[in-house]
1. In the list Glu622, Glu609, Glu627, which residue meets the criterion of being at pLDDT 90 or above and either in contact with a Lys or Arg (Cβ under 8 Å, 6 or more places away or on another chain) or within 30 Å of Gln685 (Cβ to Cβ) (or both)?
2. Could you please find all residues in region 76-117 being touching a strand residue (DSSP E or B) at 6+ places or on another chain (Cβ under 9 Å), surrounded by 12 or more Cβ atoms within 10 Å (Cβ to Cβ) and of a type outside the set (D, E, K, R)?
3. Mind checking which pairs have a first residue in region 567-579 that is over 17 Å from Leu521 (Cα atoms) and at pLDDT 90 or above and a second that is surrounded by fewer than 19 Cβ atoms within 10 Å (Cβ to Cβ) and among the aromatic types (Phe, Trp, Tyr), Cβ under 8 Å, 6 or more apart or different chains?
4. Spot the failing condition for Leu310; the list is (1) in a loop (DSSP other than H, G, I, E, B); (2) open to solvent by less than 10 Å² (accessible area, probe 1.4 Å), and only one is missed.
5. Out of region 834-858, which residues are hydrophobic (A, V, I, L, M, F, W, C), in contact with an Asp or Glu (Cβ under 9 Å, 6 or more places away or on another chain) and in a helix (DSSP H, G or I)?
6. Looking only at region 927-936, decide whether some residue is in contact (Cβ under 8 Å) with a residue 12 or more places away in the chain, outside any helix (DSSP H, G or I) and surrounded by fewer than 19 Cβ atoms within 10 Å (Cβ to Cβ).
7. List pairs: first in region 843-869 and touching a residue at least 40 places away in the same chain (Cβ under 8 Å) and closer than 13 Å to Thr909 by Cα, second assigned to a helix (DSSP H, G or I) and of a type in the set (Phe, Trp, Tyr), Cβ under 7 Å, 6+ apart or cross-chain?
Amino acid sequence: MANEDANDVPEIYESVPPTWLPKTSTTADVGYLGFYPPHPYQEEELLSDTTARNGIAIKPAVLAETYTAQMPVIKALNEDNYPPELEDFMNQVFQRRIENLPKIPPSTFKIPSRVTLNDAKRNAWFADLANPDVPLYKLGKSIPHGARGHDLLDLLQSNNVAIPRAVWFLRVFGSNETAGLRNKPNYNPTQYSVDWATIVTGYLKKQLADIALPSHPRAGLNIKQTFKGVLSDADTRERWIQRFSYSLDLLRTFYSEGMVDHCTFLSWLVQQMVSCNLAQAGFIARLTDDYLDGLVGRRALTRPLIDCCLSKLTEISSSSSKEHLVYLQERLNNLLRRIFLASPHAFVSPRMWTMHRELLRNIFVENILDNIPNPTSTAPHIEQSILNIKQTMAGNFGDIESRNEALLFRNLPYRGEGRLRSAVYDVHLLNSISASTDVEKVVFFDAYAEGGSDTFAQKLDGLLSWCVTPLQYGDHRPYAAITLLRLWREKAEERASRRDFTSPNEILQDQLFDWLDSSDLAAEEDNLIFVSLLFGELVEKELFSYPKYIQRLIARGEPGLLFSEDPGSRHRYFLRSIPLHSSTPALINQRKVILYGVRAREIPEDRTEKEIRKELRAVFPELFGGEQQTKIMSSSDLRSSLPVLQNALRYEKFRTIRQWLLPSLRKHLCRNAADSADQSNGTAQIYCVAVEVLESIKFYRSILDISLGLLGHTSTNALLIPILETLRRHVDIWACMNVVSTITHALHSTHQSWKSRGVQSRALLSLLTELDGGRHLDDASRQQITSDISHYAQALCPTDDHSEAVPPVLPEILLLAQDPNDDAASMLANALWYKYRASNNWAWTVWDNAIASLRQVPLMMSTQSDRRICALRYAKFLQHVDEHLAGGLDNHALRWFLGSGLNEIAALTAEAWDVVTVVFLYLTVNGALTTTTLLHGVVYPGWRYGSTVPSNQQYHAVGVFVNAANTLCESLLLKEDGNHDGIPPSDLLDLQRIRTRRQDVYREPHFSLLVNNLPTLVSLETNSYVDPESCLAARALRQAISRCSEFRLCAYRNLPAVRSAFEKPLESEAIARAMHEPLLSALRQILSDADPDTSSPRTSTQNETHVNASFLSTWNLAASTITIQFELKQMGEGLVHESTRQKSDADLNKYTEELFHHNMTADEVDFLADMARGIGTAVAGKFLNNGLRRIAEILDECASSDSPALTSMVRRAGEYLRLLSSIVKPFRDEPSTLPSLEATVQDALILAMAAKFEILETLLHGVLNGNSGSTVESLTGITIFLSRLLQFNLGFAGVWTPKTLELIDHLLNMVFRLALLHGGGITTDPVALPLFLDTAFYIFDELPVDSKPPNSDLFQRCPKVELSDLPATTPPPYGDMARSLLKFSSDDRFVSGLVYASFDASGEIQYGQPVRNQPWEWIENLGEPANAGVNEQQRDKNEVENVNVQHIVRNNASLSLELFNTRLTGEHITHGNDKITGPLRMFEDNLTTESVFERGWRESRQDFGGDRFPTRREDEEEDMGSQVQGRRSDKRTTAYHASPAGSTHSRSSAAGSNSASSRRQSPGITKYGIPPNGIVQAHCLSSQF
């Protein structure tokens, strides 16, 4: 055995790789992967001394650390021609490989057919369909035929078929339904989606119909009702919810897959939201919220949705059960907010804005985030998000608000203070200057201090024109202008000296010369006297230089200055009439030469001055040594005695008066001022005549000079009182001269002088206190005056406890009538004062007894002369009583008139009134009674008595009182001539005193009382029970008062008071309509020079005059506003009453037609808009229709297409449009009150606008093509106006006439095309583009749409513009706005951006029609069923191991691969097979390595779950027995089972399955993540359609 063992040499061991280790190459013997067995001849097996000592060290075959072949290879590739040759070689390789690849086989897909089954089989089939364990490929050979529509959906719901499987079945069902139609020429693959949408929406609607609300009980029907809702019972509610939820689940898939037409479904959803009740609204609102993305961005859907949401919210707020609808309310609010954020322009709707403005503000601004917790308790990023949302919505709301308000013409652009408005304001400011005005505080030029500006020139022109125009009243005007100019010059001089500017004197000289040279008012001959007065004052105050004026005229060679030249220059008359206050002989000679030539010796002025002196010597004989003549009784007599002086030029008057008369007059008056009382009467008479003469020629500065000069020399009341009366009478002028302070100090000096002599004058103290007004005197002087007045009052009314009480009857007063003693009146007054002076009412009792005694005088005396002598005696008595009263008799008399005295004077006879009138006038002349007291206590009550008498008998009882009141009023307010019978006023002094008392009537508050009683006087003169003569007298009295210059001046100062006085009776229901026209006529006469004949209606000429006057004159524009407003109101009221409707309609038509045929400026339009405020709907309708008719005429009259002609058209029509928008603006808040349009007006306007839109569109295209001479800017402005006109037109009832309906689609398309032209087509205008789009929105929203089912298409009126026609350069926000108005276009995600394509002969791609979605033909791919008897394990093993084997691609889907031009490329996808990708990554170098991004993508998507790459241990287990093979077989079987809902078309269907089978692995993926073919060999290299 041992030998045998020794002889047995063991075999050399040879390493053998394991059976499971694969070879490195299948074609070459290069060993196994990772297997390196040892062999005997290896270097490490050889033993040597070196290896024994040092160990083995094998040299590397390649010096990898220090050597690389990269650089030599790169160098060779760059230097030689390798790349082109290599490219050609590779191209040949690829070409041969493509030629050898197999072709894509034809499609083998077939639609499952329909078979007719009996009930049992059909039920079994649907049971299998509902069973998730039954693969669909088993059911996909055929489907049962039978149920349709709602029954089919009920069948699916009752079997609870999974949604993906139900969708597959319904798709196959629909494909069979459309199979017979596909070969027809007009086949529409989406038509069945429309039909199916109708079925599905009908199915939903039928379910929603089960949710009903109980009907309201009807009055009068005693019928008991029982109501049981489907949701009220638990069982029915559960069944209904399950059915409805299943329907919604189906709907979601239908919608996402395109199986229901989106337009049809969304339109139904909106319409259902409109028509549902509040119970259904909760479900529909939730459904709307799910599909809101499809609604937003389509105006035809969002607008009715917004309207119905707002209507539902309004209904909820008024519902009795709103506490149960909180969820629905919040849902609707959120819907609106989501729409608002995504598509804010959908809220541009004037009608919606008018109805729900405040509700929208509450939703979007005020309560925007009510359902979000307090931001302070949230995270910072949430708080910032909330803030961003608030800001976004607030900004959007502001934008929408401004756009809606613009469409409603509520906030028209402010054009600033126009020249006319500014001028009217200036006139009002100037007219407000009165005695109580501090002129230094009047701001007229302050804001326009730079004299060279145009604004200053305009204001100066207005100021000078106000001074000379006959349409304004008051002699104070020139002096106010002088003072204002002087104050401006002082400030301007100070400013110019500080800033080194041009002197204001030069600027003012130039401006004044320009006004003389250009003003039409200055050139009128009738205004020459005012111009000469004005410029005389300017020359005197050195505001205008007469020498420079002459020099400028000479320098420019002014023709016509000489009187021998024709035609004459306007400056000839200015030079001749302007007075020279300080002249030199050289200036006088220069003036003489310019006007009359060098050779003239005697000039007309010299002759005129001689005549004037002659006349003045006759009037003032005392001044020149003559004898005193008789008293002058009236100012008219005085003026008639001075004809030359009255007609002379102011230059001639000035030289005669100032240089000749005044020195003598001043000397004479001052010399005789200190005479006795009797002699003072003569001096006072001369003074009064002098004042009257100077007043007649408007020499008020001379009046002031002699009055102040005489004031310091007078020592008697006889002269003091006339001076004080003169100063009081012209206090307005003194205030404008700014000399009130001077007068006040002069009066104070006179008071001190008189006080030093122990004399006090109540009249002096009264005027001094009035003029001071707490402004001029120092505090000490003012306190001293107050003390003097107090002491004077205490002396007249001392406190005496032992004084007797005044008895009601004083017989001694009656006895005065029989006492002829001249001192009897004063003695009686003294006695009564001494006896009863401590009593407070003694004066009232004396007055009462005096009137009672006067009532007895006619019974005691038979002749009129005796009665008047007795009346004067009583008047003197009452005057003495007045002197014994500190406050005068006036207040006691007024209290008596307003109390018991009214009945007493109303009962006076005519004879008694003759006596009483004498007393009243005497007391008024002497200052004991004021004119206002007599008007308030006697005249106004008399008018009221006469206006309210209901019968002739009652008028006879008060007729005497009425006539006496009118007579007294005429004497107080109008009388200018003295009486020759001794009745006051009897001379010029009395007349001047009466005029002084008259001034109080024209100051507040007395003027308002006078104006308030003028309507009463109108009622009196129109009262049929009043005597005709009394009516005529009353009318004449009213007309005379209205024509009085003082009354007119005060009326223009107090226009609100005038308006209020006539507004009350005109708006009072107690006044008959017959009174309206007389009242309006009286108002017109007050405010203008209207025809005094109030009984005749206005003719057309008068009407036109009113319209023109209100615009052509700045001076009476404010006053005309009042008149026109009342006239319009009365016309509107006349339209309401049947009796006056025809006449009012005709008058109003004539008025508005004439108005709109007048070319109006912008300022006139603004003023007329103010005039039209407060008119009624009927009047506004007349304005609207006649205005739009006129605008249509203007559009038609412009036949030219030239830009200037169109611009002129826009200017004219634009002003009318602005006027109309202002007129109807007050009616916008209440749409029901808006006036409606007449059909003829609407047809004319719509035709005119359509024609002009066409012309402008043609012109804009011409500009685009370079064929037009117009500019884009000019045409855009014209187009904007037409768009605004169209917007205005759409806001009224009556707009939708048949003609409008015929043209509106055309208009909508034109406006939309214009928007595209301005949105990038020709220009990008950020102003015009949104305006045109808003106009298109407005048209689209207001279009009447037929809501009947056959015509319920919400998109039927959309512009006929394709989406591809929109300019690519349109800014994104405006592009979204434009797209929202187009017809519905579904954004199908499956075919978006795909078109059919083909190759032409040259191989170029030709693109065809877009691909249309075919949801009913593109059926889910169910995969291929597994074939029995095939060794699947072996087939998979071969596929995995032989990864390079080519396989045939299966073309078995409903979408054929031929549509994609699919071909095999021979490329392999190696991702997922670690056996291939692992070694590739192992041998990577820097030329073939994957990038960082590729590696990150790969490693971040490694699947480490059940389908991860196999490990080495798993590979070993595959060869270790049947158990492992069985496990792999199980896994493979599971993997190869087809998904019951797997689809190459619908991912959502597969992902949405709830069954276990739907979650199985796709049949197209193996365990190793490799497709069953081993390698995906079909790549779509060309995917164009």
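1. On the way: Glu622 fails: at pLDDT 90 or above; Glu627 fails: at pLDDT 90 or above.
Of Glu622, Glu609, Glu627, the one residue that is at pLDDT 90 or above and either in contact with a Lys or Arg (Cβ under 8 Å, 6 or more places away or on another chain) or within 30 Å of Gln685 (Cβ to Cβ) (or both) is Glu609.
2. Initially, region 76-117 is screened for residues touching a strand residue (DSSP E or B) at 6+ places or on another chain (Cβ under 9 Å), giving 98, 101-104, 112-117.
From what is left, the residues that are surrounded by 12 or more Cβ atoms within 10 Å (Cβ to Cβ) are 98, 101-102, 104, 112-115, 117.
Result: Ile98, Leu101, Pro102, Ile104, Pro112, Ser113, Val115, Leu117.
3. Short answer, once both residue conditions are applied: none.
4. Every listed condition holds for Leu310 apart from (1).
5. Applying the first criterion (hydrophobic (A, V, I, L, M, F, W, C)) to region 834-858 yields 838, 842-844, 846-847, 850-852, 854, 857.
Restricting the remaining residues to those that are in contact with an Asp or Glu (Cβ under 9 Å, 6 or more places away or on another chain) gives 838, 843, 851-852, 857.
Matches in region 834-858: Ala843, Ile851, Ala852, Val857.
6. Start the filter on region 927-936 by keeping residues that are in contact (Cβ under 8 Å) with a residue 12 or more places away in the chain, which leaves 927-936.
Filter once more, so that each one left must be outside any helix (DSSP H, G or I): 927-930.
Now restrict to residues that are surrounded by fewer than 19 Cβ atoms within 10 Å (Cβ to Cβ): none.
Scanning region 927-936, I find no residue that is in contact (Cβ under 8 Å) with a residue 12 or more places away in the chain, outside any helix (DSSP H, G or I) and surrounded by fewer than 19 Cβ atoms within 10 Å (Cβ to Cβ), so the answer is no.
7. From region 843-869, the pairs are Leu854/Tyr874.
Here's the yes/no breakdown for (1) among the polar types (S, T, N, Q); (2) farther than 19 Å from Phe1292 by Cα; (3) out of contact with any Asp or Glu (no Cβ under 7 Å at 6 or more places or on another chain); (4) crowded, with 19+ Cβ neighbours inside 10 Å:
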position: Gly1181; (1), (2), (3), (4): no, no, yes, yes
position: Asp1196; (1), (2), (3), (4): no, yes, yes, no
position: Ala1199; (1), (2), (3), (4): no, yes, yes, no
position: Ser1203; (1), (2), (3), (4): yes, yes, yes, no
position: Met1209; (1), (2), (3), (4): no, yes, yes, yes
position: Leu1217; (1), (2), (3), (4): no, no, yes, yes
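The values are calculated or read from the model by the stated rules, or taken from the named source; none is laboratory data. Just so you know, these numbers come straight off a predicted model, no measurement behind them. No Cβ is skipped: glycine too gets one built from the backbone with ideal geometry, and neighbour counts run over all protein chains shown. Note: accessible area is taken over every heavy atom of the protein model, side chains too, but ligands, DNA and RNA are not part of it. Shrake-Rupley method; radii C 1.70, N 1.55, O 1.52, S 1.80 Å.
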